[in-house]
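Laboratory data are not the source of any read-out in this text; all were calculated from the coordinates shown. For clarity, every value in this text was computed on a predicted model and none was experimentally measured. Backbone-built Cβ (ideal geometry, glycine too); neighbour counts: all protein chains shown.
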Ligand SMILES: Cc1cc2nc3c(=O)[nH]c(=O)nc-3n(C[C@H](O)[C@H](O)[C@H](O)COP(=O)(O)OP(=O)(O)OC[C@H]3O[C@@H](n4cnc5c(N)ncnc54)[C@H](O)[C@@H]3O)c2cc1C
């Protein structure tokens, strides 16, 4: 009897788990190797003194993408985790005020009360975002980009011609004139890893997703989403090995023949290899002539910011905040310069989540879990003083606006930053979200799913298309698997 063909997936983030499911469904014996002690990748969790912390994604947006994924296997997200819609979706703190992201009619009234006319502008923004999303989903989301020539495909041409140009924030400012209104709408672009003045307008569909599709909380947090993906993969027969770091991809007779495991030197043969880890790290394990991109290519990429993540366990409830809270500096109106090579001395925009408000099981004894995420440019030299200063400024800012001194109630505190992303995920420049999603690094200009040199080596994950963000990672796994299988993914409306 002929042996089943073997697919090896490197990396067990959402992209790797997704790719593994499709390869297993196609009949491949599928082996997934994850370097850390558990799969999930960026969707990591920590626990201390009974407090459960979220170190990665917390905004469950674009729920249709998760539905489409589970549907491909005859299942639903709810077969694996519960989903609760957050209402209001979040609170936006600006330098002078705070407003809640309410449902569309109430939001329009709120924005009109700040600046007459902005309510109508907001409704237009939602409608336009919805059109962009449906065109994006129909013609661009599932595109397996091979290069510039893909721009000539009729479906791609017509979608791109109808897409807005510029950045997400340039679109918002045409329709909403008050600073508070713009901050409220634009402050969530960090879900895709970049500020709104960098996020391409072709990706400016978050207003639709957030206000119409909703922001959801998966019961237990994103760890439940990871468990759902893992459980589906195992049902499909994927063999998952945690604590197995791939050291290199072996090449024989012009194809990727096996992976070699670090420290133990074990060789695992493969007919197909999908790297869903760090693109540049896998590439650098190959000899130069087999690499799709040169080292110069990688060093000239713009990387999305790193993050300082402060996880706090507090001994009491925290007043005046919601599950998700965005803080924006509307006084200077300055967005983070993601290419900066120096530490920001003044804190700009950041995010605070308090998931224990929705899920009290995350914090013991009526306490609270608070996660503060502060973006900083990737690749900065470690400077503890600069890092501490930003953290202190964030504490002061939060305490000031909510009228409650968080310093007085801290039971546990953990801080991670760029070295966490470098060490845990092999992330270049300690970036939190990999190759940044910018106008110069979108669509065919992102690292491609299929190796240019080895016909059976493929890539998935946030460095590839569609880009950073948990739902996109899921799609990238499908694109890499379909590319490997020579199939074309069908768009779903
Ligand atoms: C702080 C933060 C907040 C975020 N917030 C949100 C949010 O609210 N909503 C949202 O949608 N998205 C959010 N994101 C983005 C989202 O989490 C990521 O884009 C997505 O999870 C990336 O998935 P991935 O599978 O591509 O990569 P990863 O999750 O990084 O997975 C790659 C895996 O490969 C493994 N690996 C690396 N090298 C090797 C090797 N040599 N051998 C074996 N395994 C290896 C790594 O350990 C890792 O598990 C956030 C990201 C961060 C960092």
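A compact table of results
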read-out	value
Angle in degrees between helix 104-114 and the longest Cα principal axis of the chain, rounded to the nearest 10	50
Burial ordering of 354, 21, fewest other beta-carbon atoms within 10 Å first	354, 21
Inter-probe distance in nm under a simple model that places probes 7 Å from Cα toward Cβ, at residue 106 and residue 82	2.2
Extension gain, residue 488 back to residue 252 (0.36 nm per residue minus Cα-Cα distance, nm)	82.2 nm
With Cα atoms, 0 to 90° folded angle of helix 118-135 axis to the chain main axis	10
Distance (nanometres) between label positions extended 7 Å along Cα→Cβ at residue 413 and residue 25	4.7
Whole-number Å³ per residue for the convex hull built on Cα positions in region 286-346	191
Relative contact order for the chain, counting Cα pairs under 8 Å that sit 6 or more residues apart, in percent	24
Mean shadow area of region 233-392, taken as a quarter of the surface of its Cα convex hull (nm²)	14.8
Interatomic Cα distance distribution for region 294-385, bins of 10 angstrom, percent	14, 36, 27, 18, 5, 0
Cα gyration tensor shape for region 184-306, rounded if a/c is under 1.5, else prolate or oblate	oblate
Label-to-label distance, nm, for residues given as residue 170 and residue 424 (7 Å Cα→Cβ offset)	3.5
Fewest-first ranking of 163, 62, 424, using other Cβ atoms within 10 Å as the exposure measure	424, 163, 62
Proxy reagent accessibility, fewest Cβ within 10 Å first, across 263, 112, 79	263, 79, 112
Calculated FRET efficiency for the pair residue 131/residue 262, C-beta based, R₀ 30 Å, to 0.05	0.05
log10 of Debye I(q)/I(0), alpha-carbon scatterers only, for region 107-212 at 0.10 Å⁻¹	-0.30
Region 24-154, Cα convex hull volume normalised per residue, Å³	249
Pairwise FRET efficiency - residue 71 versus residue 160, Cβ, R0 = 22 Å, nearest 0.05	0.20
Residues residue 337 and residue 152, FRET efficiency given R0 of 45 Å [Cβ-Cβ distance, rounded to 0.05]	0.80
For region 336-493, the fraction of alpha-carbon pairs in successive 10 Å shells from zero, as %	9, 28, 28, 22, 11, 2
The chain - mean residue ellipticity at 222 nm from DSSP helices (-39,500 (n - 2.57) per run, n ≥ 4, rounded to 500)	-9000 deg cm²/dmol
Rg and Dmax of the chain, Cα atoms only, in Å	22.0, 74
Region 107-212: relative contact order in percent, alpha carbon pairs under 8 Å with at least 6 residues between	35
Mean Cβ count within 10 Å, highest first, over the residues of peptides 45-55, 148-158	45-55, 148-158
Relative packing of peptides 456-467, 363-374, 392-403 - highest average C-beta neighbours within 10 Å first	456-467, 363-374, 392-403
